[in-house]
Each structure stands twice: as C-alpha cells, then as structure tokens.
Amino acid sequence: MSSTVPKDVVVVGGGVAGLSAATFTARHGLDTLVVDAGESILRRNAHLENFPGFPAGVNARQLLDLLEEQASEAGAEQVTATVERVETTDDGFAVETEGGEAEAGEGAGDGERYRSQYVVAATKNEVGYLRGVDGVGVIDRGKAYVDTDERGRTGVDGLYAAGRLAEKPHQAIVCAGHGAEVAVTLLEDDDRPFYHDWVAPEGYFTDRGRDLPPGCEEIDDAERADREQQSLDVMRERFAKPHPEEQETHPSLEDD
C-alpha cells in the first residue's frame, strides 16, 4: 500500500447524493475526493422523467456524467475504486481502497490509503466498509441503512451519510438534495460562516453597503453573458446525440 494521501473530505459513492455533496464541499474550498465503485443504481434507469428542469426527461447516464463534470469543475477529485474500510484516527479518518484508478490517469492506484477530517458515506446500502468505526448505527430492514439525524449526521463526529444510505427515498432528486444538505451541514459543523453559494448580479450586495456573504460572488453583464454562453455550448454538446453508454440491467437479470 502506498503512502497516506491527505484530504479534507472523502465521499464514498459517486451517485447523485455523493456527487452533490462533493460539489458543495469542493466549491467551498475543502480538498474533496470522491471514491466511486461505479455502481450507482441510476445507471439501470431507462429514462429519468421526474428530475426538475427536464420536462421531457433525461438520459440517466447523461445526468450522472454531467454531475461528475460539475463536481470536477468545482475542484473535487474523483477516483474509481472500492472502499474496503474506514477507520477512525486521532485527527479524523483513514480510508482504504481495494484498488482502482483515477480519472485521466492521475491520483489513486491500487490499495490507496487516504487521511481525511470528514467522510460522507453515500453508497446506497453497502455498509461493510464502516465496520471498523465504533458508534455507527446500522439499521437492518432487509437492506442496510446508516442511522442519522435529519441532517445526515451519524453518531460519529465527522462521519455523515447521504441519500439512500440515510434512508432517503429512491428518487434521484431527493438523494441529490440530501447530498447537498449533508455537505452544507458538514460546512456548518466545520465552524465556517453560513454558506450561500450564490452568483449575484453586480452590486446586488455591495451597492447596498453589504459585504459579499461566504461563497458568493457578483458578476457584471459581460461575465453573465459569457457564462450563459458557456452553459449553452456545454448543453448543446452533451445533448447533441444519444448517450453512448448502454443501460445497465439488474444483477438478478444478468445471464450466469
């Protein structure tokens, strides 16, 4: 196993909950890593028709790709690997992977070990990697869930659970929203100022004699037009043709 890699936040699971959480922690400047085994249940979805903002629905694989890109743009690193165990340390957590590779050939290799102050567990119903953490409440209802409060806090300081693992409904928008809420909760628990994360028109705060709140910025008309054009270009490119990835089937339907 290679030397320990320090991070502020390790998110275990790269589905909608994990990627949403990572986007918010990374945008606020925390060094964030997403470790994903590539098993998001959304990849089995034939066509996602209840996610806000897509009145005709959206390809679920395309939505995941866009969420991955958004997390990367925010500054989150993403690696493909399976987390084998999470353990508590004197200053946070140690996260060990069975192996994997980073996007674009960078980052993690086989058997990486990470050190982090915070961990967000967002792996649907997989809890085996948490067996080394004392104080985690696991609920068994045929499938395993992690016991949390209404904001995703577990019984262990610095350890959170998001999305389906925290007993949220299967709907993608619910899990995405909960991932964001868990991230904001983490930032509050880190004793950081209330986190807005708004992009406001020039003068929205400052022309009223107010300082910019944490995570906010003001942009003028030219910058707003540039960002809108970039958004249009990205969306045209992503939706110009069908997504190349095939829909995954449920494991029980796969041929032996």
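The values are calculated or read from the model by the stated rules, or taken from the named source; none is laboratory data. Just so you know, these numbers come straight off a predicted model, no measurement behind them. Quick reminder, even Gly has a Cβ in these numbers, built from the backbone with ideal geometry, and neighbours come from all protein chains shown. Remember, those area values only see protein heavy atoms, side chains included, never the ligands or the DNA or RNA. Shrake-Rupley method; radii C 1.70, N 1.55, O 1.52, S 1.80 Å.
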Quick check, is residue 123 buried (at least 24 other Cβ atoms within 10 Å of the Cβ), outside any helix (DSSP H, G or I) and free of Cβ contacts under 8 Å to residues at least 60 places away in the same chain? no
Residues of segment 16-35 being modelled with pLDDT of 95 or more and not hydrophobic (A, V, I, L, M, F, W, C), in sequence order, are 18, 20, 23, 25, 31, 32
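Results for (1) open to solvent by less than 40 Å² (accessible area, probe 1.4 Å); (2) aliphatic (A, V, I, L, M), shown as yes or no for each residue.
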site	(1), (2)
167	no, no
182	yes, yes
199	no, yes
207	no, no
214	no, no
Give just the number: which of (1) open to solvent by 40 Å² or more (accessible area, probe 1.4 Å); (2) in a helix (DSSP H, G or I) does residue 23 not satisfy? (1)
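What is the residue count in segment 12-40 for residues that are polar (S, T, N, Q), more than 14 Å from residue 77 (Cβ to Cβ) and under 9 Å from the mean Cα position of the chain (by Cα)? Spell out how you get there, then give the answer.
We begin by selecting, within segment 12-40, every residue polar (S, T, N, Q); these are 20, 23, 25, 32, 40.
Subset that is more than 14 Å from residue 77 (Cβ to Cβ): 20, 40.
Those left that are additionally under 9 Å from the mean Cα position of the chain (by Cα): 20.
Number of matching residues: 1.
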Taking the criterion of being modelled with pLDDT under 95, small (Gly, Ala, Ser), in a loop (DSSP other than H, G, I, E, B) and open to solvent by 20 Å² or more (accessible area, probe 1.4 Å), would at least one residue in segment 55-76 satisfy it? no
Taking segment 180-211, which residues are assigned to a loop (DSSP other than H, G, I, E, B) and either under 26 Å from the mean Cα position of the chain (by Cα) or under 27 Å from residue 148 (Cα atoms) (or both)? 190, 191, 192, 193, 194, 195, 196, 197, 198
Restricting the search to segment 26-54, which residues are open to solvent by less than 30 Å² (accessible area, probe 1.4 Å), over 19 Å from residue 245 (Cβ atoms) and not β-branched (Val, Ile, Thr)? 26, 30, 33
Could you check segment 135-156 and list, in sequence order, the residues that are farther than 12 Å from residue 125 by Cα and exposed (fewer than 13 other Cβ atoms within 10 Å of the Cβ)? 135, 137, 149, 150
